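Data first, discussion second: the structure below is written as structure tokens.
Please treat every number below as a calculation from the coordinates, not as lab data. Remember, predicted model here, so these are calculated numbers, not experimental data. Counting neighbours? That spans all protein chains shown, and the Cβs are built from the backbone with ideal geometry, glycine included.
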Amino acid sequence: MITVENLSKTYGQFRAVDDISFTCRPGAVTGFLGPNGAGKSTTMRIIAGLTLPDRGTATVGGVDYRDIPNPGTQVGVLLDASAQHAGRTGREILTLSALTMGLPMSRVDEMLELVSLTPSESKRRVKNYSLGMRQRLGIANALIGDPKILVLDEPANGLDPAGIHWMRSLLRTYADRGGTVLLSSHLLHEIEIIADEIMVIGQGRIVASGTKAELLQGAGAFVQATDNTALTVALEQSGLAVTTSREGLLVEAEPVQIGKVAAAAGIALVELRPADSAGLEDMFLQLTATTQRDGAVTPGGPA
Amino acid sequence: MSTATPTAPVTIDTTRPGVPFARLLKVEFRKMFDTRASRWLAISTGILLVLVTAIVLLVVGLNDNARVSASDWYLGVMVSVLSLLLPVFAILSVTGEWGQRSHLTLFTLEPRRARVVTAKLVAVTSFALLLLVLAFALSAVGNVIGAAVGGYDAVWNYDLSEILWTVVAQLAYFWMAFGLGALVLSTPIAIVIFYVVGLLLPFMVYAPLVSIFEWARDIVPFIDINYAITEPMTGQDFVGNTVDVGALEYLRVLSPVVIWSVIPLVLGYLRIMRDEVK
């Protein structure tokens, strides 16, 4: 359980975190989604006791992180996979963590195996690791103390698609056993794959949150007809809001309503479905459009 | 995890023991020697040691009149060589974490930052003491070999006062290195300040000043540890006159220690306690 209440942090004139409140519950993977500089990392550093907030509180299991005895065995934290001494080997970094937490050295080998770093890779210096390997090492480092709560900042960054699915099953198993996971990403498709609950953050504020299904409810349906123009007219006559999306239309309605309208108007449909990932992507871009640095909304942009 | 049921509330155990200091110390000691940089520092010092020893032995062997005593081996050879590069270990012990940003992990595993820094300071101090013991042992070996090579009877002139004051000066240098590192949290800046204050100024500035000006002999001991310990250690001043060593001469040693070791250490601690870790 991670609880954040009315958290704010300002750097000079820049409001990095602006009155954020949320909870991460056990048994779920909570995803923090937002563009770079939205305040994800600052929030996570505050949770881990590394940054002091100006206002508000962040507690882990009801306790201030800095009051947790031997915290590595209770909360696993990965804030930046590249923030490791480049001159140490991967194995050495895990060994140091195990020594600090007072764990048996067998945990080092268990973790290396869990994240699929081979013995020869583990003896290489981190300087020679790819970003994906650093992420795996960082995950191993966060999990080595067998914590019940995980805080991971951009853990999927640098992983290939297979790696992202590996992480999904790893975190899925972890959450199913009752673990609490908070992770962040600036990429929608990573969060979509990995997280159960999503919080969208932009300019230090949470602009939307809920389960994937809840977030999609407002996203409507995607429809494509042989004659999109005719369908648009028919739908608008029925009082439904229609926007053009790629090859088809995004309609703020349930698919069944659209089907009825199309049937009544005698228009043949090519495709009709709830707006899933495309809808969430549009929503993400829309939600963050006002808050993004470049301001430009790229249809079908980074996914 | 094995005992947790899917919806069991996740709680934090605030009663379990924290990370004991001895474990932090062990980890910090290990961290001084497990990087590529530290390995090369040790190798360089080893090579330097062999080179200097070889030169001394060469001189002793070729020159019939050359005699090197135990005290010379200790102070002039071993301590000088070992203390030349190795204070960088003290600097890296603290700046390395910030430079590599591994302090993110460091302070999430032990949020009580003062304990971590203290563990580092104790590790650095024990390392310095170990080095002095090593320097002493090597000087005895050097003395025996030197006598054999030079064909003279070994001169065992170790002096307790000399050995103890050397320990004081070396600890002051290691703490200065550590303190500067903690204060600036940057490896290159700390190294530059350390060698300017500890090596460049004494040889290039203080030495000529002291040999020329009377007033410099009164001032320099207040700002340089080596000049400060000279009179208490040898009973002579910088130009070789015997002096009465009184309370002033002893108290004066505190001055450079406070300026270069204590103040940077205190400010460095405060900075690390207060700074945001990012």
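Helix A:90-101 versus the longest principal axis of chain A: what is the Cα-based angle in degrees, 0 to 90, to the nearest 10?
Approximately 70 degrees, to the nearest ten.
Would you kindly give the portion of the calculated P(r) for the stretch A:2-210 that falls above 21 Å, as a percent of all Cα pairs? Each step should come with its number before you reach the end.
Values: 11049 of 21736 pairs.
Roughly 51 percent, once rounded to a whole number.
Could you tell me whether the stretch A:220-275 comes out rounded, prolate or oblate from its Cα gyration tensor? Rule is a ≥ b ≥ c as square roots of the eigenvalues, rounded for a/c under 1.5, then prolate if a/b exceeds b/c, otherwise oblate. Please report the intermediate quantities before stating the final value.
Values: a/c = 1.22, a/b = 1.10, b/c = 1.11.
Rounded.
Tell me what chain B gives for mean residue ellipticity at 222 nm when only DSSP H runs of n ≥ 4 count, each as -39,500 (n - 2.57), the sum divided by the residue total, rounded to 500 deg cm²/dmol. Present the calculation step by step, with values, prior to reporting the outcome.
Details: 14 runs with 185 residues, N = 278.
About -21000 deg cm²/dmol.
As a test of the formula, what do you get for chain A when each DSSP H run with n ≥ 4 contributes -39,500 (n - 2.57) and the sum is divided by the residue count, at 222 nm and rounded to the nearest 500 deg cm²/dmol? Don't skip to the end; give the middle numbers.
Details: 11 runs with 109 residues, N = 303.
Result for chain A: -10500 deg cm²/dmol, rounded to the nearest 500.
Take every Cα-Cα distance within the stretch B:21-274, group them into 5 Å bins from 0 onward, and report for each bin the whole-number percent of pairs it holds.
1, 6, 12, 15, 16, 16, 13, 10, 6, 3, 1, 0, 0
Which of rounded, prolate, oblate describes the stretch A:97-200, given a ≥ b ≥ c as roots of the alpha-carbon gyration tensor eigenvalues and a/c under 1.5 marking rounded, otherwise prolate only if a/b is larger than b/c?
Values: a/c = 2.08, a/b = 1.32, b/c = 1.57.
Verdict is oblate for the stretch A:97-200.
Distance between the C-alpha centers of the stretch A:210-259 and the stretch A:98-161? Whole Å please.
The stretch A:210-259 and the stretch A:98-161 have Cα centres spaced 45 Å from each other.
Taking the Cα atoms of the stretch A:143-189 alone, what are Rg (to one decimal) and Dmax (as a whole number) in Å?
Considering the stretch A:143-189 through its Cα atoms, Rg and Dmax are 10.8, 30 Å.
Could you run the Karplus curve 6.51 cos²θ - 1.76 cosθ + 1.60 with θ = phi - 60° over the stretch A:160-172 and give me ³J(HN,Hα) per residue in whole Hz, x for Gly and Pro?
7, x, 5, x, 5, 5, 4, 5, 4, 5, 4, 6, 4
For the stretch B:128-278, what ratio Rg/Rh do Cα atoms give with a Kirkwood hydrodynamic radius? Don't skip to the end; give the middle numbers.
Numbers: Rg = 18.3 Å, Rh = 17.5 Å.
Computed over Cα atoms, the ratio is 1.05.
Using each residue's phi in the stretch A:68-82, evaluate 6.51 cos²θ - 1.76 cosθ + 1.60 at θ = phi - 60° and report the 3J(HN,Hα) Karplus result to the nearest Hz, with x for Gly and Pro.
Rounded to whole hertz, the list is 7, x, 6, x, x, 8, 10, 10, x, 10, 10, 9, 7, 5, 8.
Under 8 Å for C-alpha pairs, at least 6 residues apart: give me the relative contact order for the stretch A:220-275, rounded to a whole percent.
Numbers: 96 pairs, mean separation 29.8, N = 56.
Here the relative contact order equals 53 percent.
Label point 7 Å out from A:LYS260 along Cα-to-Cβ: which residues of the stretch A:181-221 have amide N under 20 Å?
A:217-221
Can you tell me the 0 to 90 degree angle between the C-alpha axis of helix A:277-289 and the longest principal axis of chain A, rounded to 10?
Helix A:277-289 sits at roughly 80 degrees to that axis.
Using the Karplus equation 6.51 cos²θ - 1.76 cosθ + 1.60 (θ = phi - 60°), what ³J(HN,Hα) coupling, rounded to whole Hz, does each residue of the stretch A:107-114 give in order, writing x for Gly and Pro?
For the stretch A:107-114, the Karplus curve yields 4, 4, 5, 4, 5, 4, 5, 4 Hz.
Mean Kyte-Doolittle of at least -1.0 plus a Cα span of 27 Å or more along the axis: flag which DSSP H helices in chain B meet both, please.
Numbers: long enough: B:36-62 (39 Å, 1.96); B:113-150 (54 Å, 1.73); B:160-184 (36 Å, 1.54).
Sorted by number, the helices that extend far enough and score high enough are B:36-62, B:113-150, B:160-184.
Suppose every Lys and Arg Cβ carries +1 and every Asp and Glu Cβ carries -1, with no other charges. What dipole size does the stretch A:2-210 come out with about its Cα centre, to the nearest 20 debye? Don't skip to the answer; put the middle values down first.
On the way: 21 positive and 21 negative charges, 99 e Å.
Result for the stretch A:2-210 is approximately 480 debye, rounded to the nearest 20.
What residues have an amide H closer than 5 Å to that of A:THR211, excluding those fewer than 5 places away on the same chain, when H is modeled at 1.01 Å from N in the peptide plane?
A:ILE198
Please list, or write none, the lysines whose alpha carbon is within less than 19 Å of the alpha carbon of A:LYS9, excluding same-chain residues fewer than 8 places away.
Of all the lysines, those that pass the test against A:LYS9 - Cα under 19 Å, at least 8 places apart if same chain - are A:LYS40, B:LYS278.
Computed over the Cα atoms of the stretch B:47-116, what is the ratio Rg over Rh, Rh following Kirkwood? Walk me through the intermediate numbers first.
Values: Rg = 20.3 Å, Rh = 15.4 Å.
Radius of gyration relative to Kirkwood radius: 1.32.
Only bridges with both residues in the stretch A:131-265 count here: give the DSSP antiparallel percent, nearest 5.
Antiparallel bridges make up about 75 percent of those DSSP assigns within the stretch A:131-265.
For the protein assembly as shown, what class follows from the C-alpha gyration tensor (a ≥ b ≥ c being the square roots of its eigenvalues): rounded when a/c is under 1.5, otherwise prolate if a/b is larger than b/c, else oblate? Intermediate results must be reported in sequence, preceding the final value.
Working: a/c = 3.11, a/b = 2.78, b/c = 1.12.
It comes out prolate by the Cα gyration axes.
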